[in-house]
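The values are calculated or read from the model by the stated rules, or taken from the named source; none is laboratory data. What you see is a predicted model; the values in this text were computed from it and never measured. Note that each Cβ is placed from the backbone with ideal geometry, even for glycine, and that neighbours are counted across all protein chains shown.
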There are 2 protein chains.
Amino acid sequence: MLDRSEFEAARERLAEHLPATPLATSDGVLLKLESLQPTGAFKVRPALNSLLAHLDQAREKGVVTSSSGNFAQAVAWAATRLGVDSQIVMQRAASEFKRGRTRRFGGTVVPCDNTMEARAETTERIVDQTGRLLVHPYDSDETVAGDATVGLELLDQVEGDFAVVVPISGGGLIGGIAAAVKEKRPGCRVIGVQPEANPSMRVSLAEGAQTVVEARPSVADALVVTRPGARGFEVARNYVDEVVLVSDEEMVDAVRRLAIESKIVAEAGGAASVAAVGAGKVRAGGLPVVCIVSGGNVEPAKLAGWLGDERAS
Amino acid sequence: MLDRSEFEAARERLAEHLPATPLATSDGVLLKLESLQPTGAFKVRPALNSLLAHLDQAREKGVVTSSSGNFAQAVAWAATRLGVDSQIVMQRAASEFKRGRTRRFGGTVVPCDNTMEARAETTERIVDQTGRLLVHPYDSDETVAGDATVGLELLDQVEGDFAVVVPISGGGLIGGIAAAVKEKRPGCRVIGVQPEANPSMRVSLAEGAQTVVEARPSVADALVVTRPGARGFEVARNYVDEVVLVSDEEMVDAVRRLAIESKIVAEAGGAASVAAVGAGKVRAGGLPVVCIVSGGNVEPAKLAGWLGDERAS
């Protein structure tokens, strides 16, 4: 289903824009720091790859996407870098923190009503009226190939088989990583992590089909897709060893420990991998463990509150 | 005065213990993330090198040092890793946060009265009575050679000439970096940064001799040495282009921006380099700028307070 030659093409496209993110070590676990990307999350990879794959159209017509979070910032940043005009459709309820960052990276925020339908409608209308390039946050070939570059880097950075632990929202990131890694090193394990409040991929795998779940709110405001994308689901079905769930408390604890012990700022969803390992939920089969720290865009006041709960010891 | 062949020897000694720390990019400035070292600061380099250079004595007799901060944790960590017993002399006034971390890394904290004299006396007594290896935090050949490995890594990681901005306390770190870098690339610039509250190296350079200053307290609790070490001073006199001063406010602002924009936890002293650049105080002469983020051991409650002051925008 996925064309793996596209993964290497994506890597070549991204090479001049994004150096490989570093691996840090903490408590014997390797941390792949996507939080150190220019916009603070791995999403610059799929955003850049989507634009670079259709650069003529993007430059002529501009680009549009809908997202309330990390993909919004990533598209704004990538578009500005490539001389492309970007419009980002965001619900009026999206936090001013996220809207502010999207604007700061050069995107034009187009507000819409607070439903997924309104967001989709507004985006479609813009595409129809302007011919802008539409880029998808987690379920297009370009997106998954951009995400797969995380896996290609890991194959260079870690010797031998490893177990990689990946936060899941729409499934693009784990799909790209699993497809890239298992192809070359079938002995690797790929473990997905979702919030207990939104187990969309876990439920879909159990059902054997993409399934919509009723999600509750959680601290992981980046892990909100309630039905996995087709591509992520297909790869997960074939290549993901298991999907485990973490609680809000476990994620907050991971954010706190990453900041205090590892000197890394992560957002709750971005730290879901570390939370799963910290809670003893990951069966690595004796392999070295790599946690993808997928993003760091936590609101300062929220992080301050979580850190303030810590008693110095 | 410094034997540069020792720098390469230090690098070989450290190679199996510490991978090169990564360079991140933020706002066009390169950040050398010593905060990602195992104890959260560059001090593991001089601690390990001092122990490895005298490993037989250290293993037989143990090691002792006096420090209230990052060097204490580093010696405890390095000693534990090498199977060496460590005693760390700390003033009773040292924060429980730092004592707790030192113990957690395997060090035995030996409390003493709250004066520099008491600390020196206690340490000396232990050396006399036990024959323990005494390691110095900033002014020994082994320390400066350990510190110099930061410079050697930069020569590998950055192509061509660059300007490197380095926080100064006793002068070991800037001494090692300047000696390593200027030897190989005399076109590089080396800029030191001190708190306005403790301009010991700046005053010493102006006086032409190691000078004791009356320091005031500052947020940079890692930059407290009031008279530069002989080695650091000698190198600085020959190789450091200038030393600039930063205010508490500028350092706190840098800590805040590093956490929010760059997803990096730094302590105030460790962010002094970023503060100097942010305040427009660094003359880089058109060269790419590398800020050494020398440490990340900020107390959680303090960081929470600083982040809480930030208005989301």
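Set side by side, the residues B:Gly305, B:Gly286 differ, and just one is out of contact with any Phe, Trp or Tyr (no Cβ under 9 Å at 6 or more places or on another chain), within 9 Å of another protein chain (Cβ to nearest Cβ) and free of Cβ contacts under 8 Å to residues at least 12 places away in the same chain, which is B:Gly305.
If I ask for residues that are free of Cβ contacts under 8 Å to residues at least 12 places away in the same chain and not assigned by TED's automatic domain parsing to the domain that holds B:Ala10, which ones from the range B:128-174 would you list? Once the filter is applied, which keeps residues that are free of Cβ contacts under 8 Å to residues at least 12 places away in the same chain and not assigned by TED's automatic domain parsing to the domain that holds B:Ala10, the range B:128-174 yields B:Asp128, B:Gln129.
A quick yes/no check of all residues on (1) closer than 25 Å to A:Ala15 by Cβ; (2) touching a Lys or Arg at 6+ places or on another chain (Cβ under 7 Å); (3) not assigned by TED's automatic domain parsing to the domain that holds A:Gly295:
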site: A:Ser50; (1), (2), (3): yes, no, yes
site: A:Gln57; (1), (2), (3): yes, no, yes
site: A:Val64; (1), (2), (3): no, yes, yes
site: A:Ser86; (1), (2), (3): yes, no, yes
site: A:Arg92; (1), (2), (3): no, no, yes
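Taking the listed residues B:Gly269, B:Gly232, B:Gly278, B:Gly285, the one that is more than 16 Å from the chain's Cα centre (by Cα) and either buried (at least 24 other Cβ atoms within 10 Å of the Cβ) or modelled with pLDDT under 95 (or both) is B:Gly285, with no other qualifying. Going by what's in this entry, would A:Ala15 be described as out of contact with any strand residue (DSSP E or B) (no Cβ under 9 Å at 6 or more places or on another chain) and either closer than 17 Å to A:Asp156 by Cβ or not assigned by TED's automatic domain parsing to the domain that holds A:Leu223 (or both)? Against the criterion (out of contact with any strand residue (DSSP E or B) (no Cβ under 9 Å at 6 or more places or on another chain) and either closer than 17 Å to A:Asp156 by Cβ or not assigned by TED's automatic domain parsing to the domain that holds A:Leu223 (or both)), A:Ala15 qualifies. Of all residues in the range B:25-35, those satisfying the criterion of being buried (at least 24 other Cβ atoms within 10 Å of the Cβ) and out of contact with any Lys or Arg (no Cβ under 6 Å at 6 or more places or on another chain) are B:Leu31, B:Lys32, B:Leu33, B:Glu34. Within the set A:Ala222, A:Ala266, the sole residue that is touching a strand residue (DSSP E or B) at 6+ places or on another chain (Cβ under 8 Å), within 26 Å of A:Phe105 (Cβ to Cβ), more than 9 Å from chain B (Cβ to nearest Cβ) and not in a helix (DSSP H, G or I) turns out to be A:Ala222. May I ask you to list the residues in the range A:225-252 that are of a type in the set (S, T, N, Q) and either within 23 Å of A:Ser140 (Cα to Cα) or outside any loop (DSSP other than H, G, I, E, B) (or both)? Across the range A:225-252, the qualifying residues are A:Thr226, A:Asn238.
Restrict the check to the range B:182-196 and report whether at least one residue is farther than 25 Å from B:Arg45 by Cα, surrounded by fewer than 24 Cβ atoms within 10 Å (Cβ to Cβ) and modelled with pLDDT of 95 or more. Yes, the conditions are met somewhere in the range B:182-196. The residue list B:Thr65, B:Thr80 contains one member that is more than 14 Å from chain A (Cβ to nearest Cβ), under 15 Å from B:Val135 (Cβ atoms), at pLDDT 95 or above and in a strand (DSSP E or B), which is B:Thr65. When the test is whether a residue is among the aliphatic types (A, V, I, L, M), outside any loop (DSSP other than H, G, I, E, B) and either outside the structural domain of A:Met116 (by TED's automatic domain parsing) or at pLDDT 95 or above (or both), A:Ala215 does not pass it. When the range A:1-49 is filtered for residues that are assigned to a helix (DSSP H, G or I) and either within 9 Å of another protein chain (Cβ to nearest Cβ) or under 17 Å from A:Ala259 (Cβ atoms) (or both), the ones remaining, listed by number, are A:Glu34, A:Ser35, A:Leu36. Of all positions in the range A:207-221, at least one carries a residue that is within 15 Å of the chain's Cα centre (by Cα) and surrounded by 18 or more Cβ atoms within 10 Å (Cβ to Cβ). Of the residues that sit in the range B:68-77 and are surrounded by 24 or more Cβ atoms within 10 Å (Cβ to Cβ) and touching a strand residue (DSSP E or B) at 6+ places or on another chain (Cβ under 6 Å), which one is farthest from B:Gln129 (Cα to Cα)? Looking at the filtered set, the residue picked out is B:Asn70.
Across the range A:95-141, the qualifying residues are those that are within 28 Å of A:Val298 (Cβ to Cβ) and among the acidic types (Asp, Glu), and the one among them that is surrounded by the most Cβ atoms within 10 Å (Cβ to Cβ) is A:Asp139. Please tell me if B:Val29 is within 24 Å of B:Leu223 (Cβ to Cβ) and touching a Pro at 6+ places or on another chain (Cβ under 8 Å). The answer is no for B:Val29. Does A:Phe71 qualify as being out of contact with any Phe, Trp or Tyr (no Cβ under 6 Å at 6 or more places or on another chain), under 22 Å from A:Cys291 (Cα atoms), outside the structural domain of A:Ala259 (by TED's automatic domain parsing) and among the aromatic types (Phe, Trp, Tyr)? Yes. A single entry from A:Arg237, A:Arg202, A:Arg231 fulfils the requirement of being touching a Phe, Trp or Tyr at 6+ places or on another chain (Cβ under 9 Å) and either farther than 19 Å from A:Asn297 by Cβ or away from chain B (no Cβ under 14 Å) (or both): A:Arg231. Considering only residues that are more than 9 Å from every other protein chain (Cβ to nearest Cβ) and under 20 Å from the mean Cα position of the chain (by Cα), look in the range B:254-263 and name the one that is surrounded by the most Cβ atoms within 10 Å (Cβ to Cβ). The extreme case among them is B:Val255.
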